[in-house]
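Read the structure below first, then the notes.
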Amino acid sequence: MACDLASDLLEALERWHSARVAVRVVAANDELVAVFSGRLGTRSREKGSALFWPIELDGAASGTLERPGIYAHPELLTEVRLHVGEFVVEFTEAGVTVNVRRLEPADP
């Protein structure tokens with residue numbers, strides 16, 4: 001099951017490479033925890049077994065200690081959903097939901 005969910009997430013986010021996105025992190029009780037936006041980078045293997053897409057944050061200086069991005073742990077994924085219109089992908093892992101919204105239209 002987790003493998004299929006990881007594949008679904010990979011497929012959705014790989015199509016959005018270089019797009020501007022907004023990322024929302026929501027706790028299990030539906031409370032918003034964090035929001036950030038930037039340009040979605042190419043998936044990287046630098047984070048071991050976690051799926052990782054770096055994000056170049058809007059207005060952020062480069063060279064920060066922490067690398068901003070989207071981390072997904074295939075073994076913890078319980079849901080992956082691509083919303084109607086294919087401009088939002090949402091995934092849940094370890095009780096936390098991450099909502100990634102494409103901020104610019106897809107290339108024709």
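The values are calculated or read from the model by the stated rules, or taken from the named source; none is laboratory data. None of the values given here were measured: they were computed from a predicted structure. Methodologically, a virtual Cβ is constructed for each residue, glycine included, from the backbone with ideal geometry; neighbour enumeration extends over all protein chains shown.
Worth a mention:
- Here A6 fits the description: at pLDDT below 95 and hydrophobic (A, V, I, L, M, F, W, C).
- In region 37-55, the residues that are closer than 12 Å to V100 by Cα and of a type outside the set (A, V, I, L, M): S37, G38, R39, W53
- Any hit, region 53-71, residues being exposed (fewer than 11 other Cβ atoms within 10 Å of the Cβ), of a type in the set (S, T, Y), without any contact (Cβ under 8 Å) to a residue 12 or more places away in the chain and under 21 Å from H17 (Cα atoms): yes
- Of the strands (runs of 3 or more DSSP E) lying entirely inside region 1-61, those containing at least 2 residues that are of a type in the set (K, R) span 20-26.
- Criterion (under 19 Å from S7 (Cα atoms), touching a Phe, Trp or Tyr at 6+ places or on another chain (Cβ under 9 Å) and either modelled with pLDDT of 95 or more or in a loop (DSSP other than H, G, I, E, B) (or both)) met by exactly one of V84, V98: V98
- When region 13-36 is filtered for residues that are of a type outside the set (V, I, T), under 16 Å from T97 (Cα atoms) and either free of Cβ contacts under 8 Å to residues at least 24 places away in the same chain or surrounded by 14 or more Cβ atoms within 10 Å (Cβ to Cβ) (or both), the ones remaining, listed by number, are L13, A22, R24, N29, D30, E31, L32, A34, F36.
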